[in-house]
Each structure stands twice: as C-alpha cells, then as structure tokens.
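Asker: Would you mind keeping the following structure in view while I ask a few things?
The values are calculated or read from the model by the stated rules, or taken from the named source; none is laboratory data. These figures come from a predicted structure and were not determined experimentally. No Cβ is skipped: glycine too gets one built from the backbone with ideal geometry, and neighbour counts run over all protein chains shown.
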Amino acid sequence: MLIDRVGRSVFDYHVHSEFSVDCRIPMRDSCAAAVTAGVTEIAFTDHIDHVPVDLGFGYWNADRYFQSLEACRTEYAGVLTVLAGAEVDFNSATIGPVERFVTSYDFDFVIGSVHYTPQGELIFPDSFDGKSFDDIFLPYLDQIEAAVETGWFDTIGHLDLPKRYAPATHRDYDPLRYRERFETIFARMTAGGKTTFEINTSGIRQSPKTSMPGPAIVRWYVEAGGTYVTTGSDSHATQTIGAGIAKTLDVLGLCGIEHVASFRGRNRTLEPVTALRSLVLTA
C-alpha cells in the first residue's frame, strides 16, 4: 500500500538508546534531537545480542525498554512518531534464540544484522589478521543470505559492514567483485517481497566515508527488481540523529529507488522519495 503525505515524513529507523550496551543516550534525549533535526519517525532499534561472549548478551531489558518507549510516545505525541524496534544480531549458530525473540515481542520494525563470522569472531579489524577480504566478506554474505531466507526481518542492517572495519591492509574493497553474490541475495529479497535492506548512513560520517551499502549496490538491487529501502543513521549519540539522510535521499533518486518504507506493527507502507526530499534535514 502506498501513502502520500507530501512534505511531512522523514525516517530514522536505526537509533540506539541506553538499552544498547554501547550507548548511554536516553530515549527522551534522542527524541528531542530528532525533532530538532527534522526527523518525524524514529525507531529505537537497540542491540539484541545472542552470542554469549558478546558484551551485549542479556543486556536488553524488555520491561524498561517498553516503559521508556511509551513515556516518549506520550511526551512527543503529535510531534514525533516513536516506533518500537530492534537490531537483532543474526548468524547460523543463533537461529533458535533469534526466532524465539522475534516472535516474542510486539515490535513495529526489526532489523536483522550480521556482526559475527561463522567462526564466532566479531567482525572487527582483528578478524582480518592473516585473512584476505574474501575470507571475511564471502562468509559474511552467506550469513546475510541466510538471514533473508528466514523472512524474520523487515530490513537487513549495514549490508556491506566488513568494509567499515577493514584495516588499512585490506582497504581494497570493490563491490563489483561481489556483484553476483549480491544479485543472488537481491533475487531472494525481491522474490519474497518482505525483506529489503537499509541505507545505513553511519559510514558517511565514519570510515569508509560512504553509506552501507553504497550507490552501486543500490543500483544492482533496483536492476534485480527492488523498489524500496529503509533509512537509518545507526546513531549512538544525539548529534547524529538524522545525519546523512538528506544526502542519501538525493542518491536514492539517482539510483532509481522511488520509495522508502515506513512501518507500524511490522506492516509496511511506502513513502515516495520525492516527498521525503521536500524536507530539509541536518546533514
């Protein structure tokens, strides 16, 4: 279903709060920052970690999360739409716990993200030691494809994440090398019709100085029949709420993406990119 609310909606669908182990920003502060930045829909997608060695394992508190969310919804009613979300870490060793989690709570929106290699290593610079970029990236894409196949997620987070953490010795990432793998993943996305990927703008303000993924990959998705994406800043600080989304909307239009997805209760509607671009955001 399409919705047409010209000039009224801007989405930051990847925001962390004090309910993520790596963030200390209260939801209320991020809501205030979102209003200042021109964001009208914010999804608090705190980390849900299922790998026992992860610092975030068991950190998320459902009762406190939803209590804080409802307080923000009350305070910002009519000004900001506040969505219940989660960024759920996925890998083939955690399929059971992940399935139980995504079916246990009433979220508006769920991101599926891969942060670990199949060998259980967090994808950080150290994981590249003694390995080629292929050694990290190809198994990573296998995990992404597995996440898509589950149908449990509304969007896939930071689709080419390894480029974010590649050390100086491995900064020869060329997405063209992996085009066929991406096309296979996109074929599954478009055939299922449920899952897409986000344009994660955190890479614009950090290494690698481009969104995750970049424009070439977005274009391949369009050529595979993809028609919409989600947008998110992956913010862990108030000053980055909405960051990079204005620039991203310009790029999406050039890539052939006509709509950005909005969610309520895991149900998707589509907002025209032209409507979103009519608003001015902080960069």
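Asker: Quick check on my filter: what residues within region 169-178 are part of a helix (DSSP H, G or I), of a type outside the set (A, V, I, L, M) and either surrounded by fewer than 14 Cβ atoms within 10 Å (Cβ to Cβ) or in contact with a Pro (Cβ under 6 Å, 6 or more places away or on another chain) (or both)?
Answerer: Thr169, Arg177, listed by residue number.
Asker: Looking at Leu69, is it closer than 24 Å to Ala275 by Cα, touching a helix residue (DSSP H, G or I) at 6+ places or on another chain (Cβ under 7 Å) and surrounded by 14 or more Cβ atoms within 10 Å (Cβ to Cβ)?
Answerer: Here the answer is no, as Leu69 does not meet what is asked.
Asker: Taking only pairs six or more apart or across chains, which ones have beta-carbon atoms under 9 Å, a first residue in region 61-75 that is farther than 16 Å from Ser30 by Cβ and at pLDDT below 95, and a second residue that is surrounded by 13 or more Cβ atoms within 10 Å (Cβ to Cβ) and of a type in the set (A, V, I, L, M, F, W, C)?
Answerer: Close Cβ pairs satisfying both conditions: none exist.
Asker: I need the full set of residues from region 117-143 which are closer than 11 Å to Ser92 by Cβ, touching a helix residue (DSSP H, G or I) at 6+ places or on another chain (Cβ under 8 Å) and surrounded by 14 or more Cβ atoms within 10 Å (Cβ to Cβ), in order please.
Answerer: Selection gives Thr117, Pro118, Gln143.
Asker: Here's a follow-up. Filter region 15-45 down to residues that are polar (S, T, N, Q) and in a loop (DSSP other than H, G, I, E, B) and give me whichever is surrounded by the fewest Cβ atoms within 10 Å (Cβ to Cβ).
Answerer: Thr40
Asker: Which number in (1) surrounded by 16 or more Cβ atoms within 10 Å (Cβ to Cβ); (2) at pLDDT below 95; (3) in contact with a Leu (Cβ under 9 Å, 6 or more places away or on another chain) marks the one condition that Leu2 misses?
Answerer: All conditions are met except number (1).
Asker: With the checklist (1) under 21 Å from the mean Cα position of the chain (by Cα); (2) closer than 24 Å to Leu270 by Cα; (3) part of a loop (DSSP other than H, G, I, E, B) in hand, flag the one item Tyr59 doesn't pass.
Answerer: (2)
Asker: Sticking with this one: For Ile199, are the conditions met, namely being part of a helix (DSSP H, G or I), within 17 Å of the chain's Cα centre (by Cα) and not acidic (Asp, Glu)?
Answerer: Answer is no for this residue.
Asker: Okay, next question. Return the total of residues in region 99-122 being outside any helix (DSSP H, G or I) and closer than 26 Å to Thr190 by Cβ.
Answerer: Residues flagged as outside any helix (DSSP H, G or I) and closer than 26 Å to Thr190 by Cβ within region 99-122 amount to 11.
Asker: Taking Val15 as the residue in question, decide whether it is of a type in the set (A, V, I, L, M, F, W, C), within 25 Å of Val229 (Cα to Cα) and at pLDDT 95 or above.
Answerer: Details: of a type in the set (A, V, I, L, M, F, W, C): yes; within 25 Å of Val229 (Cα to Cα): yes; at pLDDT 95 or above: yes.
So Val15 passes the test.
Asker: Just to verify a result, which residue in region 255-267, among those that are surrounded by fewer than 18 Cβ atoms within 10 Å (Cβ to Cβ) and either in contact (Cβ under 8 Å) with a residue 24 or more places away in the chain or of a type in the set (Asp, Glu) (or both), is farthest from Thr36 (Cα to Cα)?
Answerer: Step by step, filter region 255-267, then rank; the result is Gly256.
Asker: Of everything in region 190-214 that's aliphatic (A, V, I, L, M) and buried (at least 23 other Cβ atoms within 10 Å of the Cβ), which residue is nearest to Ala86 (Cα to Cα)? Working first, answer last.
Answerer: Step one: list which residues in region 190-214 are aliphatic (A, V, I, L, M), which gives 191, 199, 204, 212.
Cutting the leftovers down to buried (at least 23 other Cβ atoms within 10 Å of the Cβ) gives us 199, 212.
On the way: Ile199: 16, Met212: 18 Å.
Among those residues, the one meeting the criterion is Ile199.
Asker: Moving to a separate point now. Among what's in region 129-165 and is small (Gly, Ala, Ser) and part of a helix (DSSP H, G or I), pick the residue that is farthest from Asn267 (Cα to Cα). Lay out the reasoning, then the answer.
Answerer: Applying the first criterion (small (Gly, Ala, Ser)) to region 129-165 yields 130, 132, 146-147, 151, 157.
Now drop any that are not part of a helix (DSSP H, G or I), which leaves 146-147.
Values: Ala146: 22, Ala147: 19 Å.
Step by step, filter region 129-165, then rank; the result is Ala146.
Asker: So in region 227-248, with the set limited to residues that are part of a helix (DSSP H, G or I) and within 15 Å of the chain's Cα centre (by Cα), which one is farthest from Pro272 (Cα to Cα)? Explain how you work it out, then say what you get.
Answerer: The first filter runs over region 227-248 and keeps only residues part of a helix (DSSP H, G or I), leaving 238-240, 245-248.
Pick out the ones that are also within 15 Å of the chain's Cα centre (by Cα) and you get 240, 245, 248.
Working: Thr240: 24, Ile245: 14, Thr248: 14 Å.
In this case the residue turns out to be Thr240.
Asker: Now for a different question. Say whether the condition of being farther than 25 Å from Phe186 by Cα, free of Cβ contacts under 8 Å to residues at least 12 places away in the same chain and in a helix (DSSP H, G or I) is met by at least one residue in region 87-97.
Answerer: Taking every residue of region 87-97 in turn, none turns out to be farther than 25 Å from Phe186 by Cα, free of Cβ contacts under 8 Å to residues at least 12 places away in the same chain and in a helix (DSSP H, G or I).
Asker: Moving to a separate point now. Quick one: count up the residues across region 177-203 that are among the hydrophobic types (A, V, I, L, M, F, W, C) and touching a helix residue (DSSP H, G or I) at 6+ places or on another chain (Cβ under 7 Å).
Answerer: 5
Asker: Report, by residue number, each residue of region 144-160 that is surrounded by fewer than 19 Cβ atoms within 10 Å (Cβ to Cβ) and either under 14 Å from Thr94 (Cα atoms) or hydroxyl-bearing (Ser, Thr, Tyr) (or both).
Answerer: Ala146, Thr150
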